[in-house]
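The structure appears right after this line, and notes come after that.
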Amino acid sequence: MSTRAGYAGVAVAVPVTVPYVRYSIRSAHWFIARALAALLAGAGLRKDEIDGVCVSGFLLFPDTAVGLMQHLGVSPRWLDHIPMGGASGVVALRRAARAVQAGDAEIIACVAGDTNHVDSFRHTIASFSQFARDAVYPYGSGGPNASFAFLTDYYMRTTGAQRADFGKLCVAQRANALSFPHALFKKPLSLAEYLDARPIAEPLHLFDCVMPCAGAEGFLVMSEARAQSLGLPFARVLATIERHNAFPDDPIQMRGGWALERDALYRQAGVGPKDMDLVELYDDYPVITAMQLEDLGFCEKGAAAAFIRANTFTVQGSLPLNTSGGQLSVGQAGAAGGYLGLVECLRQLTGRSLGAQVPRARHGLVSGFGMINYDRGLCSGAAVLAGAHA
Amino acid sequence: MTQPISRPKRKNPVLRTRQPVLPPWPRSRVALGLTAAAAEGRFALQVCAACAAVQYPPREACHVCLGDELPWRTQSGAGELISQTLLRHSHDIFFRERVPWRLGMVRLDAGPTVVVHLHGDVGAPPARVRVGARLDKAGMGVLVGFPDRDVPNMADDRQLREMTCDPKFRKVLITDGKTAVGQALARALIGAGADLVWVGHAEPWKKFPGLAELKELPQVSLVKLDVTDARSVKEAAGELGAKVDILVNNVEVHRAYGIAARYGTDVARAEMDVNYLGLLRLAQEFGPVMRARGADGQSSAVAWVNLLSIFALSNFPAHGTYSASKAAALSLAQCLRAEMRPAGLRVINVFPGPIEDEWNQLLPPPKLAPEALARAVVAALRDGVEDVYPGDVAQEWLARLRESPKVLERELAGG
């Protein structure tokens, strides 16, 4: 196996969030514009000092990233558009870090945002992909709830995981969300409330399902030297991976691309799962969190339930997990859902959490998971980040 | 186990009739191969001509070898249910009105994993299932997971009944009771559980063979219906239109000969007046009111059956003008199908080979017995298919037509 070059000299800085709302009459362009403005303000930069832009958003159509540049009056010499849903954040980081290393751009704004009109989620899932339109949506039109219900049903039956195991994750994340100002869910959640919630797509119940909303997230990628000269706190990139359409012959998804790339990730990072001070896993449904705990090496395959029972996941817990509350408690702002964990990890590693702070956080793991195209999520990504003083 | 459905109560005319809505119908062009096979009652998947890989969802290239020759091949449907869900929430109006809705994920023995509408009699996973293709209310091919073995009352499954046109507890109009086919249809539909069967006759003052036996059937009522008379059709529709769930248009005029052997247009005009314009008159009068009842409860208006002929697909010169009238009727039936689709009503076209009757006397056997034709119509309703080719002759013509329409035309010209 070839040895991948590291990310020495790359800094990730200025985590920003455009506050989430359940519904908005604004467009995705508005949310991305606000994120870009927040990045400039946070870094003290003029718009023309940004020479690279990486964009993700489901609802930019009929525009793409390039149309958005004219919309926003930006003239980057490096531009990328990453339509990978929940993996967008990690993948944007990978692309931008290499561009900065290579000198193709000096300061890259990575932004993801989406709006949510009252009817837009239905339109999104009805035409999400060719396979979804041909072979999923006509079957009950349950959207991702139905797809993840299949995975959850299979996972529970074959591993013995119980609803209460998933509930423990959801309850802990809600506790984390209570101190995070942008979380849309502000009420404490008890395990009893989780278990008693109404069924949505059995075995999934209300609190298993992520809530679509509007919002945006962003961060800047530049050289460490540049970050230091701007006086910006930053995190470093120790390792990243991505893998798409992994294990296509598995009859049903029980693992993602992380399982193929995990060893490469930790080898490149020089640290392992036990070294992580916090973990931000992609959590549109808790079964995916369980799968990532396994695939990313926190426990054996099929053993996530036992791992969940043996650990605690609040900011003060044995494994601080989704420290801002994750999508399940903050909300899923379209493609920004793929940035949420990365932006939160940056805040924690730079000691600037908006909510509860993980003490002395040095290493953080961020994962992404995106695009249920037919029967499974296709994009997997992960990154290991380190605080500047790790 | 599926509970048998019961006879619906009399409809309260004061209550609003629910408007028909359809499940999502948009599909890519390549995915319509599933619909094309399902319209004939077959479950077919793309099979790569180069490497024999079976694939689903439908694609533009083989997912194994990237080959692009991907013929649709009939599948056994055997597989294992590996996962299930019961939807309590849907983003679509059709399903929102019908939740809870059971879905499954099936690993086919042939390879692919398929998402299916799951029959209520399939056990919890893991369970052996048979996957079949059906047309849904929108007329689009969908996959259904059935129990491995037949069980009682299978057709009464609530979800399945949304995809079929089962005659059980439905009210049927057969447009012509004078023929052996019409009488066989009445008996078969009653045998399939039809609640009421109205049987048309154009000349009620005349007696015809079988009339007495027909009248003895308690479900049967005779109605005056002359499809060549616009007023007669209008009156019948005014009286029955709002009650008919299944309309079987079997009325036809059939005479032998082509162009040279019978001079003039009188016979051809009579054939067109009944076979083509008769369908048009019926469709104009019964169509709108049936469309309005496309979602009228458990026994909604559901199907329109046209008795066409295999001769509609390629002219049989010995019965040349009849073939032409049936070809015209087929074309109109396609128009009717398009217009009925928004209401979820299925238009079923039946293409029999020569029927065992007076007008096919000179044609060699095998000829289709009226009872066999009636059984085929009932099966088509139960399975909810769109196109039926009953009998050996029809099947053979269809195979020849599909192989080469031009070769068939030359063969038929040879007599």
Quiz prompt | Residue-by-residue Karplus 3J(HN,Hα) for region A:74-88, coefficients 6.51, -1.76, 1.60, Hz, glycine and proline x | solution = 10, 10, x, 9, 9, 9, 9, 10, 10, x, 10, x, x, 9, 4
Quiz item: Highest mean first, what order results for A:52-58, B:131-137 on Cβ atoms within 10 Å?
Solution: A:52-58, B:131-137
Practice problem: Work out the mean other chain Cβ neighbour count within 10 Å for the residues of A:145-151 and drop it here as an integer. | Solution: 6
Exercise. Apply the Karplus parameterisation 6.51 cos²θ - 1.76 cosθ + 1.60, with θ equal to phi minus 60°, to every residue of region B:192-205 and state each ³J(HN,Hα) to the nearest whole Hz, in sequence, with x for glycine and proline.
Key: 8, x, 4, 7, 9, 10, 8, 10, x, 8, 6, 10, x, 7
Practice problem: In nm, give the distance between the simple-model label positions of A:Asp48 and B:Ala61, each being 7 Å from the Cα along the Cα-to-Cβ direction. | Solution: 4.4
Quiz item: Which angle from 0 to 90°, rounded to the nearest 10, does the C-alpha axis of helix B:320-340 make with the longest principal axis of chain B?
Solution: 40
Exercise. Over chain A, calculate the relative contact order: mean separation of alpha carbon pairs under 8 Å at least 6 apart, over the residue count, as a percent.
Key: 27
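Kirkwood Rh over alpha-carbon pairs of region A:247-372, then Stokes-Einstein at 20 °C and 1.002 mPa s: what D in µm² s⁻¹, rounded to an integer? Before the final figure, lay out each step's value.
On the way: Rh = 14.9 Å.
The diffusion coefficient I find is 144 µm²/s.
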Quiz item: Taking the Cα centre of chain A as origin and charging only Cβ (+1 Lys, Arg; -1 Asp, Glu), how large is the dipole, in debye to the nearest 20?
Solution: 680
Quiz prompt | Solvent-free Debye scattering, log10 I(q)/I(0), computed from the Cα coordinates of region B:32-153 at q = 0.19, 0.23 Å⁻¹ | solution = -1.06, -1.32
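Within 10 Å of each Cβ of A:199-206, how many other protein chain Cβ atoms are there on average?
Details: counts 6, 5, 10, 7, 3, 4, 1, 2.
Going residue by residue through A:199-206 and averaging, the value is 5.
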Exercise. Take the alpha-carbon positions of chain B, form their convex hull, and give its projected area averaged over all directions (one quarter of the hull surface) in nm².
Key: 21.8
Quiz prompt | chain A, helix-only ellipticity at 222 nm - DSSP H runs n ≥ 4, -39,500 (n - 2.57), divided by all residues, nearest 500 | solution = -11000 deg cm²/dmol
Quiz item: Which one of B:Ile5, B:Gly33, B:Leu15 has its Cα pushed farthest toward the positive end of the charge dipole of region B:1-49, where Lys and Arg give +1 and Asp and Glu give -1 at the Cβ?
Solution: B:Leu15
Self-check item: Backbone HN-Hα couplings from phi across region A:313-329 [Karplus 6.51/-1.76/1.60, Hz, Gly and Pro as x]
Solution: 10, 6, 4, 8, x, 5, 9, x, 10, 6, 6, 8, x, x, 5, 5, 10
Quiz item: With the calculation restricted to Cα positions, what are the radius of gyration and Dmax of the protein assembly as shown in angstrom?
Solution: 32.2, 105
Quiz item: Which listed residue (A:Ile241, A:Pro286, A:Ile252) has the Cα farthest towards the positive end of the charge dipole for region A:235-300, taking +1 on Lys and Arg C-beta and -1 on Asp and Glu C-beta about the Cα centre?
Solution: A:Ile241
Quiz item: What is the Cα radius of gyration of chain A over 2.2 N^0.38 Å, N being its residue count?
Solution: 0.91
Exercise. Compute from the Cα atoms of region A:130-207 the Rg and the Dmax, the latter being the longest Cα-Cα distance, and quote both in angstrom.
Key: 14.8, 43
Quiz item: Long-range amide H contacts for A:Ile107: which residues qualify at under 5 Å (H placed 1.01 Å from N, peptide plane, sequence gap of 5 or more or a different chain)?
Solution: A:Asp51, A:Gly52
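Could you please rank B:Met163, A:Met156, placing first whichever residue has the fewest other Cβ atoms within 10 Å of its Cβ? Before the final figure, lay out the partial values.
Values: B:Met163 22, A:Met156 19.
If I rank by nearby Cβ atoms, fewest first, I get A:Met156, B:Met163.
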Quiz item: For chain B, can you list the cysteines whose C-beta has no other cysteine C-beta under 4.7 Å from it?
Solution: B:Cys165, B:Cys335
Exercise. First select every other residue whose beta carbon is under 12 angstrom from the beta carbon of B:Ser6; then total the charges, Lys and Arg +1, Asp and Glu -1.
Key: +1
Quiz item: Arranged by the count of other C-beta atoms within 10 angstrom, fewest first, what order do B:His91, A:His244, A:His123 take?
Solution: A:His123, A:His244, B:His91
Quiz prompt | Equivalent ellipsoid semi-axes, region A:42-156, via Cα gyration tensor eigenvalues times 5, rooted, Å | solution = 34, 17, 11
Exercise. Please go through the residue pairs B:Lys9/B:Lys326; B:Lys9/B:Lys178; B:Lys171/B:Lys215 and name each one whose alpha carbons sit more than 28 Å apart in this structure.
Key: B:Lys9/B:Lys326; B:Lys9/B:Lys178
Quiz item: For region A:83-240, what's the radius of gyration and Dmax over Cα atoms, in angstrom?
Solution: 19.8, 56
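Using the crude model of +1 on Lys and Arg Cβ and -1 on Asp and Glu Cβ, and no other charge, please compute the dipole size for region B:32-153 relative to its Cα centre, in debye to 20.
Working: 13 positive and 12 negative charges, 67 e Å.
For this selection, approximately 320 debye.
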Quiz item: Near B:Lys243, which aspartates and glutamates are there with a Cα under 20 Å away, not counting those fewer than 8 places off in the same chain?
Solution: B:Glu162, B:Asp166, B:Asp176, B:Asp195, B:Asp226, B:Glu235, B:Glu285, B:Asp296, B:Glu339
Quiz item: Out of the DSSP beta bridges found with both residues in chain A, what percent are antiparallel (nearest 5)?
Solution: 75
Exercise. Compare A:Asn116, A:Asn145, A:Asn245 in a GNM of chain A, Cα atoms joined below 10 Å, and give the one with the largest fluctuation.
Key: A:Asn245
Quiz item: When you look at the Cβ of every residue in A:182-191, what mean number of other chain Cβ atoms sits within 10 Å?
Solution: 0
Practice problem: Using Cα centres only, tell me the gap between region B:42-65 and region B:159-186 in whole Å. | Solution: 37
Quiz item: Using the scaling law 2.2 N^0.38 Å as the reference, what is the normalised Cα Rg of region B:193-248?
Solution: 1.16
Practice problem: Calculate for chain B the 222 nm mean residue ellipticity that helices alone would give, adding -39,500 (n - 2.57) per DSSP H run of length 4 or more and normalising by residue count, nearest 500 deg cm²/dmol. | Solution: -8500 deg cm²/dmol
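Where both partners of a DSSP beta bridge lie in the protein assembly as shown, what percent of those bridges are antiparallel, to the nearest 5?
Numbers: 69 of 109 bridges.
Around 65 percent antiparallel, to the nearest 5.
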Quiz item: How big is the Cα convex hull of region B:171-413 in projection, averaged over all directions, in nm²?
Solution: 12.9
Quiz prompt | Cβ crowding within 10 Å averaged over residues, with B:169-181, A:278-290 ranked highest first | solution = A:278-290, B:169-181
Practice problem: Return the whole-Å distance between the Cα centroid of region B:340-379 and the Cα centroid of region A:257-299. | Solution: 63
Practice problem: Would you work out the charge dipole size for the protein assembly as shown about its Cα centre, treating the Cβ of every Lys and Arg as +1 and the Cβ of every Asp and Glu as -1, and quote it to the nearest 20 debye? | Solution: 1440
Quiz item: Amide H to amide H, which residues 5 or more places from B:Ile348 or on other chains are under 5 Å from it, using H placed in the peptide plane?
Solution: B:Trp304, B:Val305, B:Asn306
Practice problem: Hey, can you grab everything whose amide H is under 5 Å from the amide H of B:Phe169? Only 5+ residues off in sequence or another chain; H modelled, so Pro and N-termini drop out. | Solution: B:Ala194, B:Asp195
Self-check item: Cα lying deepest toward the dipole's positive end in chain B, options B:Gly297, B:Val378, B:Gly120, charges on Cβ
Solution: B:Gly297
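Every number here is computed from the coordinates shown, using simple stated rules; none is lab data. Everything numeric here is computed off the predicted structure, so don't read it as measured data. Note that we place each Cβ from the backbone using ideal geometry, even for glycine, and neighbour counts take in every protein chain shown.
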